[in-house]
Each structure stands twice: as C-alpha cells, then as structure tokens.
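Asker: Pasting a structure here, questions to come.
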Amino acid sequence: MLLSKIFLPLIKNVPSEAKIKSHQLMLRIGMIKQSSAGIYSWLPLGFKVMKKIENIIRQEQNDIGAQEMLMPTIQSADIWKESGRYNDYGDEMLRIKDRQGREMLYGPTNEELITEIFRSSIKSYKSLPQMLYHIQWKFRDEVRPRFGIMRCREFFMKDAYSFDINDAEAKKSYNKMFYSYLKMFKRLGLKAIPMAAETGPIGGDLSHEFIILADIGESNIYADRNIFDINTDEYDLSEKSLEKMRNDFSSFYAATDEKFDKNDFNSKVKKDDQILTKGIEVGHIFYFGDKYSKPLNCLVDHQEGKKVPVKMGSYGIGVSRLVGALIETNFQNDIMKWPKSVSPYDVVIIPNINKINKQSLQISIKVYNDLRKQKIDVLLDDVDENMSAKFKKHDLIGIPYQIIIGSKSEENRFEFKEVGTDAIILNLKEIIEKIKN
Ligand code: 5CA
C-alpha cells in the first residue's frame, strides 16, 4: 500500500482524554475513533492489527478441536430468566425492547445462548465432548469505561464453551484450553501468566485469569517470579503433558487481588522471589459444571441410561483489549514495535524523496513491487516530507522492519533496519530472507 493513499488520520498532539500510552498511540495513529463513551470505531490500521490477533486465536482454537460458529449480539431475555442471571447481571446489561414489546438484550456473554443451542441439538454422551467458540462483539455498560479500548462498553471477545459428560472429562477440556491460551499468547509475543482468580458473575469454582504485567494494569497481582520461567514449549496435547502443565503452573504462587492471601504468599514464596505488581487481564477461563445446564435443563443421556446435566466451562479472550495490551508492552521511549505476527505491515519502505537523490522514489517503487511479488505486505511511504518527520511518524506506526532508500543506497543494496537495532546494508534477497524468517 502507498502511505499517501491509505486512510490513516494522524494526530500531532497527544489527545488530553487519553491517560495511558496505548490509548494515546491508538488515537495518534488513527487506529480507533471514539463514537460515544466507551464505544469505538476501528479504523483500517487498528482493524488490521485486531484481525491478525483474531486469526492467531482462531488457528490455535481450531488446533485443539474447538469449532467456530457465530451467535448474534442480540439475545432474548427469556433464556437469561431461565438461568436466573437476568436480574443478577444488573445495570451492566444493556436491555432493549423490540417493537412487539419483547425483552431483548445486547449480549455481555453467551453462556445462556450456547446452552440453549446445545440442549436442542445434543442428546447423548456419544456426541461429547464438544468445544464451540465464536468471536463476536459484546456489550457491557461499564460504570467507568476508561483507557480507550482496554475497558470499554462495546468490545470484541473470543468466547468458547466446552461440554462434557462428567467433571473428569470437563477438566481435560479445561486443560486443553489452558494450553491453547499459552500457545496463542506466545505467538502474540506476550508472556501471559495464568493466575488463580475469582469467578464473579460467570460463576463456578475453578478459574484462571491470564495476565500480562503492565504498570497501568487494573489487577493487582502477587506471584512467584519463577512462574515466568516455565517453558511452555515443553507441553503437548497428550493428557499426561497437560496434567504436567497444570501441575507446573500451580506449583508457583500466582494470584490476583481477590484470591490473594498474605500468609499463604509469605509462606510459599521466598522474599526474593516475590513479585507484587500490576497486570492486564487478557483472558479468563472458567469451569462451572452444571451452573447453566441444570436450570436450563440441558441434559444428555449418560452411558448408564439416566439423563444428566452436561458439564460446562467457558473461556474468554479480550481480542480488542489485546491490541491495547500489545501496545502497553511494546511501546517504549516513544518507539512502537509491533510483534511480527500482528504488525499491520511486514515492512515499510522509507525513501528520501526530496533530496539530491531524485531517483529514490523510482527505486522504492521497484523494491515495493519486488516485495509484493514475494507476498510481503509492504507499505511505501511516498509522502513528500523530510526524513526526520518520516522517522518520527514510523516510530509511532511501529512496523518492525524499515528499508531506507536514500543517499546510502547503492545500486542493489539498501539500508535495512529492524526497529531497536542499527541499520545494516543488505541486498533485496537478504532483506526478503530477514522479513520472512
Ligand atoms: N463468558 C466468560 C468467558 S467466555 C467471560 O465473559 N469472561 S470475562 O468476563 O472474563 O471476559 C473475557 C475477557 O474479555 C476478559 O478477560 C477481558 O480480556 C475481556 N473484557 C472483559 N470486559 C471488557 C471490557 N469492558 N473492555 C474490554 N475487554 C473486556
């Protein structure tokens, strides 16, 4: 793409309403635009990053056998009355009436709806286990939406639901999801630590929040620093390995505020290993057994003939929140560097257009076309601006690789820079290799 042609409304000054760096950056480089309190439009650059995150999540969920589907954003109040959550959910739920006067709502989560779908389709243990997920907008009328898309009212979530015949089988599904989360966060370049957590309005007695460390995080966390050294590449999907994974993680203390117990922490973790800090919750998984299947009468035939309520868990990820979380972790000293896996473009070409070297734009276009032939998603900064303004702009846009075409370029060799390291002179073949590996 040519920078002069794309919709990228850059803002010079940091908008005053934005208090944290991810919110500031997202507004400055036109990733989002607020449409009303806690509700945002995703502009092309922001949308591109979010879609890349979404795809990694999708691949990893498919990889453990979860099946993608799509449920609506608008739900009937009836199923929420059946589960008993219609009143409990309180003011966070956006309630709507249709023209017939029927009570509807904008889904804040989907336990009821998926249970209703499941009960009308699946009748026997023979069809279990099942894991279903969708990636869909949610609405929660947060009392204090803040930090841009980090805590907003309308947000994009991946929510998955598992269905099993008994607790032991359900635990296996839980462990698979746990594993899938570790893998996807790793692909996003994030160190997300699973921590024992409260279950809140979702319910159940087993739950983990996946938290990444960040000063602006809203969760206080207490952890043994050794938990950060667990090598997640060691695990696979076998039952034994998944159990080992759960045991390894639970052998180190890691808890959020609500689950924190000072005595426990001090007795289990050496002083030197204690971490007390803040974090961002990027995912949250729950096991709640028959909390929804029982009131909603979601029964399956058991091997022994009787009907039993199916055992369920739910597994959420804040897809839109992850965009902010990635900025919080990768935007330092006014320089952004997207992880390769989610960068809006693979590489940017920055030609020195208005200098002695008048040919640099022509050379750039040739390099641009060559890279595109290699299926590399490349941005060409063809804007007529001085180099220092260009560099400042790209410090914010955060594409991890830059090809600088100007006085230092030779016939077929160009200045190539990975953000955060010194530029080197490479030919096109070497550049392509660097970008692709
Ligand atoms: N039904 C369960 C799991 S599918 C559920 O809703 N869990 S949740 O409430 O913890 O939300 C899942 C994830 O959505 C959170 O971990 C968080 O990353 C994200 N999230 C929750 N509320 C917001 C919000 N107001 N703004 C942005 N992201 C949010």
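The values are calculated or read from the model by the stated rules, or taken from the named source; none is laboratory data. The structure presented is a predicted model; accordingly, all values stated were derived computationally and were not measured. Glycine also receives a Cβ, built like all others from the backbone with ideal geometry; neighbour counts cover every protein chain displayed. Surface accessibility is based on the protein's heavy atoms, side chains included, excluding ligands, DNA and RNA. Shrake-Rupley method; radii C 1.70, N 1.55, O 1.52, S 1.80 Å.
Asker: Could you say whether any residue in the stretch 204-224 is over 27 Å from residue 274 (Cα atoms) and surrounded by fewer than 22 Cβ atoms within 10 Å (Cβ to Cβ)?
Answerer: Yes, because at least one residue in the stretch 204-224 is over 27 Å from residue 274 (Cα atoms) and surrounded by fewer than 22 Cβ atoms within 10 Å (Cβ to Cβ).
Asker: What are the pairs with Cβ atoms under 7 angstrom where one residue, in the stretch 125-151, is under 30 Å from residue 327 (Cβ atoms) and open to solvent by 30 Å² or more (accessible area, probe 1.4 Å) and the other, located anywhere, is more than 9 Å from the ligand (Cβ to nearest atom) and assigned to a strand (DSSP E or B)? Sequence gap at least six, or different chains.
Answerer: Close Cβ pairs (under 7 Å, with a partner that is more than 9 Å from the ligand (Cβ to nearest atom) and assigned to a strand (DSSP E or B)) amount to 141/94.
Asker: Which of the residues spanning the stretch 256-303 are more than 16 Å from the ligand (Cβ to nearest atom), open to solvent by less than 60 Å² (accessible area, probe 1.4 Å) and of a type in the set (S, T, N, Q)?
Answerer: Once the filter is applied, which keeps residues that are more than 16 Å from the ligand (Cβ to nearest atom), open to solvent by less than 60 Å² (accessible area, probe 1.4 Å) and of a type in the set (S, T, N, Q), the stretch 256-303 yields 274, 277.
Asker: I've got another one for you. With hydroxyl-bearing (Ser, Thr, Tyr) and away from the ligand (no atom under 16 Å from the Cβ) as the only criterion, which of 320, 341, 314 stands out? Spell out the reasoning first.
Answerer: Values: 320 fails: away from the ligand (no atom under 16 Å from the Cβ); 314 fails: away from the ligand (no atom under 16 Å from the Cβ).
None of the others qualify; the one that does is 341.
Asker: Out of the stretch 408-431, which residues are touching a residue at least 40 places away in the same chain (Cβ under 8 Å), surrounded by 12 or more Cβ atoms within 10 Å (Cβ to Cβ) and part of a loop (DSSP other than H, G, I, E, B)?
Answerer: 409, 419
Asker: To continue, here is another question. Pairs, please: C-beta under 6 Å, at least 6 apart or cross-chain, first residue of a type in the set (Phe, Trp, Tyr) and in the stretch 212-228, second assigned to a strand (DSSP E or B) and open to solvent by less than 20 Å² (accessible area, probe 1.4 Å)?
Answerer: The qualifying pairs are 222/255.
Asker: Same structure, new question: Please enumerate the residues belonging to the stretch 92-124 that are assigned to a helix (DSSP H, G or I) and either open to solvent by less than 40 Å² (accessible area, probe 1.4 Å) or more than 27 Å from residue 166 (Cα to Cα) (or both). Quick ask: steps written out before the conclusion?
Answerer: We begin by selecting, within the stretch 92-124, every residue assigned to a helix (DSSP H, G or I); these are 92, 111-119.
Across the stretch 92-124, the qualifying residues are 92, 111, 112, 113, 114, 115, 118.
Asker: Still on this structure, please answer the following. For residues in the stretch 228-255 being of a type in the set (A, V, I, L, M) and closer than 16 Å to residue 181 by Cα, which is surrounded by the fewest Cβ atoms within 10 Å (Cβ to Cβ)?
Answerer: 237
Asker: Which residues, counting only those in the stretch 9-39, are open to solvent by less than 20 Å² (accessible area, probe 1.4 Å), farther than 23 Å from residue 333 by Cβ and without any contact (Cβ under 8 Å) to a residue 40 or more places away in the chain?
Answerer: none
Asker: State which residue pairs qualify: first residue without any contact (Cβ under 8 Å) to a residue 40 or more places away in the chain and under 25 Å from residue 231 (Cα atoms) and inside the stretch 248-264, second residue assigned to a helix (DSSP H, G or I) and open to solvent by less than 40 Å² (accessible area, probe 1.4 Å) in any location, beta carbons under 8 Å apart, and separation of 6 or more residues or different chains.
Answerer: 252/227; 253/227; 253/265
Asker: Does residue 89 fit the bill of being within 16 Å of the ligand (Cβ to nearest atom), within 25 Å of the chain's Cα centre (by Cα), open to solvent by less than 40 Å² (accessible area, probe 1.4 Å) and modelled with pLDDT under 95?
Answerer: Considered against the rule, which asks whether it is within 16 Å of the ligand (Cβ to nearest atom), within 25 Å of the chain's Cα centre (by Cα), open to solvent by less than 40 Å² (accessible area, probe 1.4 Å) and modelled with pLDDT under 95, residue 89 comes out as yes.
Asker: I would also like to ask the following. Out of (1) more than 14 Å from the ligand (Cβ to nearest atom); (2) open to solvent by less than 80 Å² (accessible area, probe 1.4 Å), what's the single condition that is false for residue 83?
Answerer: (1)
Asker: Follow-up. Could you list, in sequence order, the residues of the stretch 216-243 that are more than 20 Å from residue 196 (Cα to Cα) and of a type in the set (Asp, Glu)?
Answerer: If the condition is that a residue be more than 20 Å from residue 196 (Cα to Cα) and of a type in the set (Asp, Glu), then 233, 234, 236, 239 are the ones that fit.
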